[in-house]
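Here is the structure we will look at, set down as structure tokens.
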Amino acid sequence: MIPPSILDRRRLMLGSAGLGLLGLGGCATTSAGAPALAPSSVPFAEQYPPIRPLHARMDRVFDITVCLRPFRAQGPRIEAETVGDTLVVHNYGHGGSGWSLSWGSGTLAVRKAMAGSPREIAVVGCGAIGLSSAILAQEAGARVSVYAKDLLPDARSARATGSWTPDSRIALTDKAGAQFPVQWEEMARISFKRFRRYLGLADSPVEWSDRYFLSDPPNEPEPARAGPELDFASYIDRIRDLTPRAEILPAGASPFPGAGVRRTSQMQFNVADYGHTLMADFLARGGHIEHREFQSLADLATLKEKVVINCPGYGARALCRDESIVPVRGQIAWLIPQPEVNYGVYYKDVSMLSRRDGIVVQALWGGDMFGYGNDQEVVDRAEAEKAVKTLAELYGRMKPV
Ligand SMILES: Cc1cc2nc3c(=O)[nH]c(=O)nc-3n(C[C@H](O)[C@H](O)[C@H](O)COP(=O)(O)OP(=O)(O)OC[C@H]3O[C@@H](n4cnc5c(N)ncnc54)[C@H](O)[C@@H]3O)c2cc1C
């Protein structure tokens with residue numbers, strides 16, 4: 001049997017984990033001194049835009065944020081229960097895939113919530129899942145109020161990488177039910193289609209970008225893995241038709257060192273603008289937002305709305321006393337934006353994604369297990385320094401091609 005760590009690697013190599021592949025620039029001669037390839041060295045059809053250097057320095061880190069992925073071994077909880085006289089439809093536990101699956105998951109939850117055609121719906125939570133569920137409930141014809149302790153950009157969702165990663169830490173292969181892969185595919189396809197609406201807008205809430213995955217040096221031993229590894233589910237092959245496959249770049253076609261350079265294109269969410277757009281869309285449709293904290297599930301039955309879509313994310317552990325939610329800690333060091341760096345890189349278990357609102361640098365030592373079971377939402381500066389240093393070492397070895 002192939003060890004999960006190798007499977008993780010393989011998923012990255014194929015571009016499925018969304019952690020970012022690294023990319024290249026097999027490019028022709030450019031103006032402004034950009035790295036360029038001699039036109040004869042790389043076939044025209046293999047040429048790509050130039051790779052501009054990342055300024056990977058700690059003095060350019062303007063923030064370090066920490067967030068907990070709400071992971072459930074069996075996959076997200078999307079089911080209805082009755083609490084007193086209230087129908088509560090749960091929609092939580094999306095691991096590292098909450099942004100990516102938000103519209104599909106919201107669609108399933110809203111179907112359940114609208115079964116009795118209620119005129120009013122309450123949504124608990126104002127993160128990726130709550131806001132998308134709320135907008136979908138409006139579209140289904142309900143008057144919607146959102147109740148939440150924290151609103152975006154203060155909700156945890158604002159501290160995510162912002163990549164199309166629909167099966168990142170979404171379930172464990174042997175714990176998800178037999179029907180879950182089918183449900184996952186439906187959610188992923190609905191979401192993917194919906195993001196189409198946010199492409200090409202003025203402030204690029206959603207856009208496509210190149211990702212490069214570097215395996216350099218190719219024979220370096222696997223980094224030490226902390227503790228036992230779990231078999232995180234991989235469903236990406238079910239939706240292979242949606243996104244391009246990773247391609248191996250011809251040797252010398254990019255300024256990245258080593259021969260193992262793979263490139264693909266992926267959707268990214270510029271979360272600052274995308275979150276703002278969702279809030280504006282919800283309010284423009286007559287939505288109402290109220291700051292409120294609930295102590296228990298029974299509290300939800302005190303709301304005037306008798307149908308509630310419950311989207312508390314990691315908060316479900318306390319609110320619903322649901323210990324199936326496991327925290328998976330993730331930290332981001334934010335580098336000052338560099339608009340000319342329009343790609344993402346994955347190198348030595350460090351992921352970099354250039355977003356409009358900052359350059360996301362994240363350590364993933366040990367792959368999907370990194371941060372598993374860790375609920376410490378405190379900044380670890382040494383972790384950030386090591387991740388930035390890894391990228392500095394990479395860019396220090398690069399040369400214009
Ligand atoms: C480092 C990191 C990187 C990630 N990268 C990606 C990525 O690239 N792509 C991707 O798709 N996903 C990514 N994720 C996962 C994604 O961020 C989560 O799956 C998603 O944010 C979950 O959204 P949510 O709305 O369920 O939770 P949250 O954003 O936590 O929202 C929960 C809401 O419920 C409210 N709430 C909770 N409890 C209560 C209560 N008791 N009373 C009232 N209100 C309450 C909160 O205030 C908040 O408004 C990443 C996560 C991390 C940590």
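Laid out as a table, the results:
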quantity: Residue check for L101: under 22 Å from H276 (Cβ atoms) and out of contact with any Ser or Thr (no Cβ under 8 Å at 6 or more places or on another chain); calculated: no
quantity: Residue within the range 140-155 that is more than 6 Å from the ligand (Cβ to nearest atom), among the β-branched types (V, I, T) and not in a helix (DSSP H, G or I) present; calculated: yes
quantity: Residue within the range 292-306 that is among the aliphatic types (A, V, I, L, M) and within 25 Å of the chain's Cα centre (by Cα) present; calculated: no
quantity: Counted residues, the range 89-137 - those being of a type in the set (F, W, Y), within 7 Å of the ligand (Cβ to nearest atom) and either out of contact with any Gly (no Cβ under 9 Å at 6 or more places or on another chain) or within 21 Å of D322 (Cα to Cα) (or both); calculated: 1
quantity: A392 being at pLDDT 95 or above and touching a strand residue (DSSP E or B) at 6+ places or on another chain (Cβ under 7 Å); calculated: no
quantity: Which numbered condition S97 misses (of (1) in contact with a Phe, Trp or Tyr (Cβ under 7 Å, 6 or more places away or on another chain); (2) modelled with pLDDT of 65 or more; (3) assigned to a helix (DSSP H, G or I); (4) not basic (K, R)); calculated: (1)
quantity: Among the residues listed as V110, V123, the single one being part of a helix (DSSP H, G or I), touching a residue at least 60 places away in the same chain (Cβ under 8 Å), over 20 Å from the mean Cα position of the chain (by Cα) and within 12 Å of V89 (Cα to Cα); calculated: V110
quantity: Count - residues of the range 326-336 that are within 11 Å of the ligand (Cβ to nearest atom) and not small (G, A, S); calculated: 5
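One line per residue, one yes/no per condition, for (1) buried (at least 18 other Cβ atoms within 10 Å of the Cβ); (2) within 12 Å of the ligand (Cβ to nearest atom); (3) in contact (Cβ under 8 Å) with a residue 12 or more places away in the chain; (4) among the hydrophobic types (A, V, I, L, M, F, W, C):
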site: L319; (1), (2), (3), (4): yes, yes, yes, yes
site: S324; (1), (2), (3), (4): no, no, yes, no
site: E340; (1), (2), (3), (4): no, no, yes, no
site: G358; (1), (2), (3), (4): yes, no, yes, no
site: Q362; (1), (2), (3), (4): yes, yes, yes, no
site: V378; (1), (2), (3), (4): no, no, yes, yes
site: A392; (1), (2), (3), (4): no, no, yes, yes
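The values are calculated or read from the model by the stated rules, or taken from the named source; none is laboratory data. For clarity, every value in this text was computed on a predicted model and none was experimentally measured. Cβ coordinates were reconstructed from backbone atoms using ideal geometry, including for glycine residues, and neighbour counts include every protein chain displayed.
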